[in-house]
Amino acid sequence: MAVTASDWQTLEDLTFRVHYRGAFAMLEVRLQAKQTIKAESDAMVAMDPTIDIEGKLEGGLLGGLGRMLSGESFFFQTLRASRGPGVALLAPAQPGDLLPIHLDGREAYILQKDGFLAASDGVEISTTAQNLARGLFSGEGFFVLRAGGRGMLFVESYGAIHALTVPAGEELIVDNGHLVAWPVGMHYSLEKASAGWISSFTSGEGMVCRFRGPGTLYIQSRNPSAFGAWLRSLLPNNRRS
C-alpha cells in the first residue's frame, strides 16, 4: 500500500515525512533511541550527532553481489540512533519523487533498477533473477530487486510517480523505461510495442510490458534512458556528425 506523506506519519514504528514531492524529493526520518534504518549508499544528506552511520553488507557476499548485478550498490548504509533519538535526511542521486510503501508482511514488490532508497529494519531487500527474454529486453537486466517483509519501504524514481490500478482480468501496457515498482504476484509479459519488429523499433518504443490485473503498479513520468539519449545528442561530437 502506497502512502501519501506530507506531514509527519508513523507506520510500523517509523516516523517520517517526505519534502519537495515531485521533482526533488527528500526523506526525513525521526529515529527513536537504538532504532535503525538502512539506505542506499551515499543517501545521507544530514543527521543529528546522536546518529551513527556505517556501511553494511546486508545478505552477505552473495547479497551484495546480487545488488551490484541489479544496478544497486554493494553496501547499504545503516543509520542508528546510538546516543538517543535523532533526525536524518536522505535523498536519491537523481531528480525525482519518492514513493513510501507500507509492506504488511504479505505482499512483496519488485523494484526498478536504481529504485531503492531506504527501508526500515523489518524490510528484506534481496535479488531475484528474471528469465532470459526479460533480462535481455526489459531494460532492467537479468537481476532485479525484491522488497519483502514488514515495515516501510521508500522507492525513488526519475520524475513524478503515478499509480496505475489494473482490475482483475484486465490488462495494461507500460513502456518498461517508466516502471518503478510492482507487486511480485502481478503477472506481466514482455512483448513488441506493435505487430511488427520494424514498426516496434521505429516507433521509438521497442519492447513493452503487458501487465494483467488485479494489482497496482507504479510508473515514473520520465524515462532515464531517453533523457540520457537526449543529453548525448547535445554533446559537441554528436552535434557535428
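Checked across segment 125-143, the condition of being of a type outside the set (Ser, Thr, Tyr), more than 24 Å from residue 20 (Cβ to Cβ), surrounded by fewer than 19 Cβ atoms within 10 Å (Cβ to Cβ) and modelled with pLDDT of 60 or more holds for no residue. In the set (1) in a loop (DSSP other than H, G, I, E, B); (2) at pLDDT 90 or above; (3) crowded, with 21+ Cβ neighbours inside 10 Å, residue 117 fails one condition alone, (1). Residue 166 falls short on exactly one of the conditions (1) under 30 Å from residue 45 (Cβ atoms); (2) at pLDDT 90 or above; (3) buried (at least 18 other Cβ atoms within 10 Å of the Cβ), and that condition is (1).
The values are calculated or read from the model by the stated rules, or taken from the named source; none is laboratory data. Note that the structure is a prediction, hence the values are computed from the model and not measured. Cβ: placed from backbone, ideal geometry, glycine included. Neighbour counts: every protein chain shown.
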